[in-house]
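Any read-out appearing in this document is the output of simple, stated calculations on the displayed coordinates, not a laboratory observation. Worth saying up front: this structure is predicted, and the values here are computed from it rather than measured. Positions of Cβ are backbone-derived with ideal geometry, glycine not excepted, and every protein chain shown enters the neighbour counts.
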Amino acid sequence: MSNDLKLDLPSHLPFIDYERDFDFPVGDVFRAHKDPALLKQWLGPRGLHMEVEHYDFRTGGSYRYIHTDPAGTPYTFSGIFHTVRENESVIQTFEFGGYPDVVSIEFLTFQDLGEGRCRLVGHSVYPSIEARDGMAQSGMEGGMSEGYERLEELLAAQRVS
C-alpha cells in the first residue's frame, strides 16, 4: 500500500497541513512518537545521527534533540509538549535552532482507520507566512517523507521480532 506524505501550504495562511497513513495501529505509531529510544531511530532524514538531550513526552514536558549530518554540522530542535493525550493527540511547540525566535505550534492527531491502520494528521501554525515558507523551503518535506518511511520500516521490523 502506498502511504505518501500529503503536504498542503494554504495560500495566504501561515499554516502547513499534512497527513500520512500507516499500515500499523494507532498505539504503535503513538508509541514511536512517545519513546525517545524509538524516536531517534526514525525521526528525520536518512544519513543523520540523532542525539536526544531530553524528551519528556507528557503534558507540560519539553524536548531538545540534535541531528548531525555526515560533515558534523549540528541541527537543533526544541519545544514544549502542551497537551499529550495517549493514542489521540499531541499539541506542541517546535523551534529549529537554524531559525531562532521562530516558534510554531503543532497539532498532531492519531486517527484509527480500522484494520490495524492509522492516519497521522498534522497542522502547524507559524508566526508569519514568511516563517512558514522558510520552513517549507528548508527541505522539510523530504525530511518528513524519509522519516515516516523509516518509521514504517521500524514498526515492520518490530512486528517481525
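Data overview
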read-out: Cα-based radius of gyration of the range 30-154 once divided by 2.2 N^0.38 Å, which approximates compact folds; value: 1.04
read-out: Per-residue HN-Hα couplings for the range 64-78 [Karplus 6.51, -1.76, 1.60; θ = phi - 60°; Hz; x = Gly/Pro]; value: 7, 9, 10, 9, 10, 7, x, 7, x, 6, x, 10, 9, 9, 8
read-out: Sites D69 and D112 - FRET efficiency at Förster radius 35 Å, r taken between beta-carbons, to 0.05; value: 0.45
read-out: CD proxy at 222 nm, helix term only [per DSSP H run n ≥ 4: -39500 (n - 2.57); per residue of the chain; nearest 500]; value: -8000 deg cm²/dmol
read-out: Normalised contact order of the range 45-129, rounded percent, pairs of Cα under 8 Å and 6 or more residues apart; value: 18
read-out: Packing-based exposure ordering (other Cβ within 10 Å, fewest first) of L39, L13; value: L13, L39
read-out: In order through the range 37-52: 3J(HN,Hα) via Karplus (6.51 cos²θ - 1.76 cosθ + 1.60), integer Hz, x for Gly, Pro; value: 5, 7, 3, 5, 8, 10, 6, x, x, 5, x, 9, 8, 10, 10, 9
